[in-house]
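Taken together, the values in this text are just the output of simple stated rules run on the coordinates, not laboratory data. All values reported here derive from a predicted model rather than from experimental measurement. Here the Cβ positions follow ideal geometry from the backbone for every residue, glycine too, while neighbour counts run over all protein chains shown.
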Amino acid sequence: MAFSVSESTVIIQFLVDTDSVQPNSTTGVYVVDNTTASNEGGTTLNTTCTSGTFIAWEVVPVRPCNGNTVSINSIGTSTAWGPDGQPETASDNPNAYAGQAQGTPSTTAYGYSATLVVDQGGSTITIPLTGLQLTITNS
């Protein structure tokens, strides 16, 4: 099932300082969203939404003029996505991912991961983010 950024009401952004990132490290990565999330600005963002919410993930280079590029390689599997909500490349933006929260509402957050890739002029750096969370509420 293809999801789009335009239908998403929750937007999660990975801000990446492509000059300071290092292989297999979260240095230079800051995660924020448009909700009342906790842990914003770090790499363990806990986003809150209701079941059925469409979510988009975007990557934003902090210094886009330096020639480095950054992309989302994957948004990991999680029971938060339910049977049909697994995030994938967005249908309306090849540089973003989109999915749907279909998990059961709970006070316990669902964990998920993301993998970003930075190209520093021929040198590729993979950045694994493993501490991301999604709390699905009833309202």
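So here's what we get for this one:
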{"item": "Stretch gain in nm, segment residue 39-residue 6, where the contour uses 0.36 nm per residue and the Cα spacing is subtracted", "result": "9.4 nm"}
{"item": "Segment residue 115-residue 62, extension gain: residue separation times 0.36 nm, minus the distance between their alpha carbons", "result": "17.3 nm"}
{"item": "Within the chain, percent of DSSP bridges classed antiparallel, to nearest 5", "result": "70"}
{"item": "For the chain, built as a Gaussian network whose Cα springs stay under 10 Å, the top-fluctuating residue of 27, 126, 107", "result": "107"}
{"item": "Label point distance in nm, residue 126-residue 25, each placed 7 Å from Cα along Cα→Cβ", "result": "1.8"}
{"item": "Amide H partners (placed H, <5 Å) of residue 96, local residues excluded", "result": "90"}
{"item": "Long-range amide H partners of residue 135 with built H, under 5 Å", "result": "47, 48, 49, 110"}
{"item": "Net length gained if the chain between residue 88 and residue 106 were fully extended (0.36 nm per residue, minus Cα distance)", "result": "4.1 nm"}
{"item": "Lys/Arg +1, Asp/Glu -1 at C-beta; segment 10-137 dipole; positive extreme among 106, 27, 87", "result": "106"}
{"item": "Kirkwood Rh, angstrom, segment 78-139 [1 / mean 1/r, Cα pairs]", "result": "13.3"}
{"item": "Choice from 85, 111, 67 showing the highest fluctuation, given a GNM over the chain with Cα pairs closer than 10 Å", "result": "67"}
{"item": "The chain: mean projected area of Cα convex hull, nm²", "result": "7.7"}
